[in-house]
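The next block holds one structure in the form of structure tokens; read it before the comments.
Where a number appears in this text, it was derived from the coordinates with a stated rule and is not lab data. Predicted model, so just to flag it, every value in this text is computed and none were measured. Every residue, glycine among them, receives a Cβ derived from its backbone with ideal geometry; neighbour counts consider all protein chains shown.
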Ligand code: COA
């Protein structure tokens, strides 16, 4: 008998319990255990009905994702679920916590389903580049109808127990906290009803009459127009992702056929998806985002307790960080330089919180408590004396930051953490402005800070391990994904961005238009192209960075002079209504500006360049080669500890398409030798910019890939 599934019969009800921590994934031993327990139920003279339940915090989290891409181990899940459905005695699924993917498919194979009031039920496979492959695309429409099934399967979002009850996915919502007890009670009711003749099944005397198979139900097809509408909506939203469109085909198929043919078709499509690079990319992303916070150096290091957070600077960034902290239960003291800017900061935070209220992220009472009791705005640093963590979010200038830090050093209590939100500057140098550099760390939030999920934890030379552990614990409480970075100009993300943006600028110098580049990258799957991003951030930011780095400029650097000219023309991007794009009347969607070409041409002429044409493919190849080459340098310098850290930064902070898994995963998929050969070709025209990273060359020479460096 399997170690992970147990069978116990009491008073004619057999309890089949899955115990596979941490999340009851349907690994081989669970599948086998379920199969054997159903056999036992069938042959057990003492049992009339079975109840499947899970231990721990949730029912079943789905197929065991770590088995994907490997040789399948029998029994396979569709067979196990068919076996449950074909069981000659009734089976109930008693769901608590969550039933996801294969977990919900198991429940749909059972004859009855109940869930506790807080449960979430869903088929999230599209988020892993897959679709349900164990009957979900055939059984869900039979239970809830085509529209609801398509909504759940193509979006991958779970529904609440109440919604599941309403749609017919489950039979009841148990208010009882103990779903096992509720499942057993449901079983006894069914048996009693069948016996007493009060139920619809009165005429039957044995429990076999209670068997009610989802597969026996029929599905009403969508009409052609509705199906075409679904397809065109998904084509628009999928942006290159294939899973949801395949899921649409499989679900639509359920209406035209019997269950056996439907399941075979589902299997055929599922197996095809399993072989796609998109599946590999999304599953890499799934595990990377979980491994990213498991840093060997902070294992077992207890984080400091944080209750009150002080924030210095109430601009967009400071106010966003304050909002995020308040939404996560912290008290905040925000310091601005005078009463009027402090009042503005409070207004921005209130606006952010109102937005959160509208989106259902907090209720009116909590909003009121936050504003009355947990948010203080002030102008005097003395108000920071009780803060456990102080986050500086002032103007991006070393001089200003150092001055702020020496003042913080004077007022912060012993043991307080002093953090800077700088996005480029040397955190070691900032730390030296204090008498306690071991208490200084970088917390690089991304704008808008109450929305963006990424937090770069910038570990300075003397930052203590306890600080790092606290920063990761803080990120978790804020609902953010933290990535450890070392100190360098721009840390992991902005440093790599600056390099691939330079590659894009070179292509513009040589003849590509910024619009063509943005389009190529959006078609590749990025949320936005680099020039639309620049407009969003503000072209003054790029200008300030170029000014800051002017002294270090190399004579061989190719300079994007047009970008300075745009700045001098007051074309600052979205905020001034005009940057690379035009934003008429405050619109956030840019329109192409015919005047841009002339501005860029002036720079080309000054540099004596005859423009040439670029294909979409060449644009993407050069952009990716620059991104990956710089990523490799970030790794070899130890700024990022593992390739997966870089993947997570680009996925969470820079709009990298999730289904491509991140730049390091993409590099492995492309083949590092191909990539190195491309870089060497580009180096023939510009050996200064296109220097292959030694790490990349070494990996190619030793036949390894980036993923080999992800292993512990
Ligand atoms: N298969 C294998 N491992 C899984 C898993 C699955 N289906 N679901 C979660 N895990 C692992 C995680 O990798 C993590 O492992 P680790 O501790 O070694 O890092 C552990 O279980 C806990 O998961 P985590 O995501 O950290 O816990 P959580 O409480 O935040 O979230 C879930 C739990 C179930 C909501 C979340 O893990 C999830 O969404 N899982 C995937 C569900 C899914 O897509 N199912 C369909 C599969 S086709």
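For the range 358-406, the orientation-averaged shadow of the C-alpha convex hull comes to 5.3 nm² (one quarter of the hull surface).
When 304, 127 are sorted by how many other C-beta atoms sit within 10 angstrom of their C-beta, beginning with the fewest, the order is 304, 127.
With the alpha-carbon atoms of the range 264-373 aligned to their principal axes, the span from lowest to highest coordinate is 67, 38, 25 Å, starting with the largest. Once a ≥ b ≥ c are taken as the square roots of the eigenvalues of the Cα gyration tensor of the range 1-138, is the result rounded (a/c under 1.5), prolate (a/b larger than b/c) or oblate (a/b not larger than b/c)? Prolate is the answer for the range 1-138, as a/c is 1.5 or above and a/b outweighs b/c. When only alpha carbons of the range 641-712 are considered, Rg and Dmax amount to 13.0, 39 Å.
Using the alpha-carbon positions of the range 258-309, Rg (one decimal) and Dmax (whole number) come out as 20.9, 61 Å.
A Förster distance of 45 Å, applied to the separation of the beta-carbon atoms of residue 438 and residue 575, puts the FRET efficiency at 0.70. Applying 1/(1 + (r/R0)^6) with r as the Cβ-Cβ distance of residue 223 and residue 609 and R0 = 56 angstrom yields a FRET efficiency of 0.45. Per the Cα gyration tensor, the range 120-267 maps to an equivalent ellipsoid with semi-axes of 33, 18, 12 Å, ordered largest to smallest. I'd like the distance between the alpha-carbon centres of the range 120-183 and the range 504-558, rounded to an integer number of Å. Answer, in whole Å: 45.
Checking the a/c ratio against 1.5 first, then a/b against b/c, what shape does the Cα gyration tensor give for the range 559-620? Since a/c reaches 1.5 but b/c is at least a/b, the shape of the range 559-620 is classed as oblate. If you wrap a convex hull around the alpha carbons of the range 404-507, what volume per residue comes out, as a whole number of Å³? Spread over its residues, the Cα hull of the range 404-507 gives 109 Å³ apiece. Each label was represented as a point 7 Å from its Cα along the Cα-to-Cβ direction; for residue 564 and residue 374 these points are 4.8 nm apart.
Translational diffusion of the range 216-326 was estimated from the Stokes-Einstein equation, with Rh taken as the Kirkwood radius over Cα pairs; at 20 °C and 1.002 mPa s the coefficient is 112 µm²/s. Projected onto its three principal axes, the C-alpha set of the range 312-432 covers 43, 27, 25 Å, listed from the longest axis down. For the range 89-137, taking Cα atoms only, Rg and Dmax work out to 11.1, 36 Å respectively. As a proxy for reagent exposure, 488, 37 were ordered by neighbouring Cβ count within 10 angstrom, fewest first; the result is 488, 37.
Computed from label points 7 Å out along Cα-Cβ, the spacing between residue 209 and residue 400 is 8.0 nm. For the range 322-390, the alpha-carbon coordinates run over 35, 26, 16 Å along the three principal axes, in decreasing order. Each listed q (0.13, 0.20, 0.25 Å⁻¹) maps to a log10 I(q)/I(0) for the range 473-560, found by the Debye formula over equal Cα scatterers with no solvent: -0.56, -1.10, -1.35. Work the Kirkwood hydrodynamic radius out for the chain: mean of 1/r over every pair of different alpha-carbon atoms, inverted, in Å. The answer is 28.4 Å. Note on the range 509-605: Rg/Rh from C-alpha atoms, Kirkwood Rh, equals 0.96. I want to make sure I understand the PRE zone here: with the label point 7 angstrom from the Cα of residue 236 toward its beta carbon, which residues in the range 575-609 have backbone N atoms less than 15 Å away? Zone members listed by number: none at all. Note on the range 46-204: the C-alpha convex hull projects to 10.1 nm² when averaged across all orientations.
Sorting 461, 589 by the number of Cβ atoms found within 10 Å of their own Cβ, with the fewest placed first, yields 589, 461. Does the range 56-130 classify as rounded, prolate or oblate by the C-alpha gyration tensor (a ≥ b ≥ c root eigenvalues; a/c under 1.5 gives rounded; else a/b over b/c gives prolate, otherwise oblate)? Because a/c hits 1.5 or more and a/b fails to exceed b/c, the range 56-130 counts as oblate.
Note on residue 44 and residue 176: with the Förster distance fixed at 25 Å, the Cβ-Cβ geometry gives a FRET efficiency of about 0.45. Distance from the Cα centroid of the range 304-323 to that of the range 640-708 is 35 Å (rounded to whole angstrom).
Evaluated at 4 °C with a viscosity of 1.567 mPa s, what Stokes-Einstein diffusion coefficient in µm²/s does the range 588-701 have when Rh comes from the Kirkwood expression over alpha-carbon pairs? Roughly 80 µm²/s, to the nearest whole number. Once Rh is set to the Kirkwood radius over Cα pairs, what Stokes-Einstein translational diffusion coefficient, in µm²/s, holds for the range 1-70 at a temperature of 10 °C and a viscosity of 1.306 mPa s? In µm²/s, the coefficient is 128. Equivalent ellipsoid of the range 521-677: semi-axes from √(5λ) of the C-alpha gyration tensor, largest first, are 29, 20, 17 Å.
When the helices of the chain are scored as -39500 (n - 2.57) per DSSP H run of n ≥ 4 and the total is divided over every residue, the value at 222 nm lands at -14500 deg cm²/dmol.
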